[in-house]
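Enquirer: Structure below; questions to follow.
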Amino acid sequence: MTDLTDRPAPTVDSQRLSDLLVQVGQARDRAAFRTLFDHFAPRIRAFLIQRRVIPAMADDLTQDVMLAIWRRASSFDPSRAAASTWIYTIARNQHIDQYRKAQRASRMDQTDPSLQPAPAPAADDLCEQAEAADSVGVALEDLSADQRQVVELAFTEGLTHSEIADRLELPLGTVKSRIRLALGKLKTTLGEMV
């Protein structure tokens, strides 16, 4: 943030700030936003540092606040609040959100099994899985094209029998019959794997 916040911030009156914020909200006026940025970025950063935010985090939060201002400017209503009040409310809320995230992260039990990565499979298991996949691929190739098609739709795409019938424009009984026959052939071919 040094290149943007080390410049002296121009003094702008409250009504002008509200007008600039309305321009950003209505017309996405980049020049108006630049003026708002130049005015508020150093002040927001100082506000955050006063709240005991470390400087690097204050820089990040200031960027987040300015981005939120750009995105939410259309919701600003000058009859309800001054631009500075609206902007500092966003800054305060961003700081509170960041603080709460940090608190939740610090309270997490790092030894919780649900947070641990799954153990890597053993090399033997990987070989067995690869062989099984090859066997299933060969067995699928032995099916007729009609049977292979319904099995792939059912097990690869996860379609129900009714959805398969609709997609292939076939009677439901035909789809069920093809799946039953295909599974019977696969069971015979693959034996214990099925």
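Enquirer: What number goes with the only condition from (1) in contact (Cβ under 8 Å) with a residue 40 or more places away in the chain; (2) touching a Leu at 6+ places or on another chain (Cβ under 8 Å); (3) open to solvent by 70 Å² or more (accessible area, probe 1.4 Å) that ASP142 does not pass?
Expert: With respect to (1) in contact (Cβ under 8 Å) with a residue 40 or more places away in the chain; (2) touching a Leu at 6+ places or on another chain (Cβ under 8 Å); (3) open to solvent by 70 Å² or more (accessible area, probe 1.4 Å), ASP142 is out only on (2).
Enquirer: Then there is this: Pull up the range 80-91, narrow it to residues that are without any contact (Cβ under 8 Å) to a residue 24 or more places away in the chain and farther than 16 Å from ASP13 by Cα, then point me to the one that is most open to solvent (accessible area, probe 1.4 Å). First the steps, then the outcome.
Expert: Initial filter on the range 80-91 (without any contact (Cβ under 8 Å) to a residue 24 or more places away in the chain): 80-81, 85, 89.
Restricting the remaining residues to those that are farther than 16 Å from ASP13 by Cα gives 80, 89.
Numbers: ARG80: 199, THR89: 56 Å².
Filtering the range 80-91 for residues that are without any contact (Cβ under 8 Å) to a residue 24 or more places away in the chain and farther than 16 Å from ASP13 by Cα, the one most open to solvent (accessible area, probe 1.4 Å) comes out as ARG80.
Enquirer: For the range 177-191, which residues satisfy the criterion of being β-branched (Val, Ile, Thr) and more than 40 Å from the chain's Cα centre (by Cα)?
Expert: Within the range 177-191, the first condition is being β-branched (Val, Ile, Thr), and the residues that meet it are 179, 188-189.
THR188, THR189 - these are the residues of the range 177-191 that are β-branched (Val, Ile, Thr) and more than 40 Å from the chain's Cα centre (by Cα).
The values are calculated or read from the model by the stated rules, or taken from the named source; none is laboratory data. As the structure is a computational prediction, the values presented were derived from the model and not from experiment. Reconstructed Cβ throughout: ideal geometry from the backbone, glycine too, with neighbour counts over all protein chains shown. Surface areas here come from the heavy atoms of the whole protein model, side chains and all, with no ligands, DNA or RNA. Shrake-Rupley method; radii C 1.70, N 1.55, O 1.52, S 1.80 Å.
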